[in-house]
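Since the structure comes first, as structure tokens, the remarks are kept for the end.
The values are calculated or read from the model by the stated rules, or taken from the named source; none is laboratory data. Bear in mind the structure is a predicted one, so any value in this text is a computation, not a measurement. Neighbour counts are summed over all protein chains in view; Cβ atoms, including those assigned to glycine, are modelled from backbone coordinates with ideal geometry. SASA here: full protein model, heavy atoms, side chains in, ligands and nucleic acids out. Shrake-Rupley method; radii C 1.70, N 1.55, O 1.52, S 1.80 Å.
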Amino acid sequence: MDLPWKPGRDHPSPHELRASDTDRENVVRLLRDAHGDGRITLDEHGERVERAYAARTLGDLAGLTGDLLPAEEQPIRLDPGPLHALFGTVRRDGRWVVPARFPVSAVFGTLEIDLREALLQRRHVVVNAAVLGGRIRLVVPEGVRVEFTGRSIAGSQALRMRQPESREAPVIEVRGTVVLGSVGARTPRRRRRPRLRRGGTG
């Protein structure tokens, strides 16, 4: 069976993606908490921390915390699966791997997808959206392009972001059908540093 987001030879699987220093530190922090509340012993803590700092891939790290938290609370999520919001609000954020083709749906509900800390498995990601009376909200970092190529029937699409000019920028393409609903994407504004006031002279 040919999975829609099965990586080819030139595209590593989520487990094979390289881990960053931040990924390692997040796992070590969770291991510290797990030892503090007694979920793992001192020996287990020491062994897992050593393996975390030596980890090369996200798969190496994910195997160290799988028995400590539910799948949706893991510091790194490699097989997130589709997202569905039915008469409620569903949110996905944090460190997770976005597959090349990603099915989502919102039926009289709100789906919030935060990509600011996510890893794109490929440079061009296709979000297959099905919206009926619901909303899909994308939060994307700067430097990522968002394109709507789906159909809209009495629905709306909104971009509140500055599209990158480079043709090499990663692309999030939203396909599918929106009926009596909306799809939107935004890039949060950068926080302005407070200005230093000079003290007056008396």
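Both numbers refer to the Cα atoms of the chain; Rg and Dmax are 20.3, 79 Å. Each Lys or Arg adds one and each Asp or Glu takes one away; over the other residues whose Cβ falls under 15 Å from the Cβ of Leu180, this sums to +2. Sorting Leu120, Leu180 by solvent-accessible area of protein heavy atoms yields Leu180, Leu120, largest first, with a 1.4 Å probe.
Restricting to DSSP H runs of at least four residues, report the calculated mean residue ellipticity at 222 nm for the chain, -39500 (n - 2.57) per run over all residues, nearest 500 deg cm²/dmol. Counting only the DSSP helices, I get -5000 deg cm²/dmol. Between amide H atoms placed 1.01 Å from N, distances below 5 Å from Phe148 occur with Val174, all of them 5 or more places distant or on a separate chain. Ordered from highest to lowest accessible area with the whole protein assembly present and a 1.4 Å probe, Thr149, Thr89, Thr177 read as Thr89, Thr149, Thr177. Its Cα gyration tensor gives segment 28-103 an equivalent ellipsoid. The semi-axes, each the square root of 5 times an eigenvalue, are 28, 16, 8 Å from largest down. Ranked from largest to smallest solvent-accessible area, with a 1.4 Å probe on the protein heavy atoms, His45, His84 come out as His84, His45.
What does the charge add up to near Ala106, with Lys and Arg as +1, Asp and Glu as -1, over the other residues with Cβ less than 11 Å from its Cβ? Counting the neighbours of Ala106, the net charge comes to +1.
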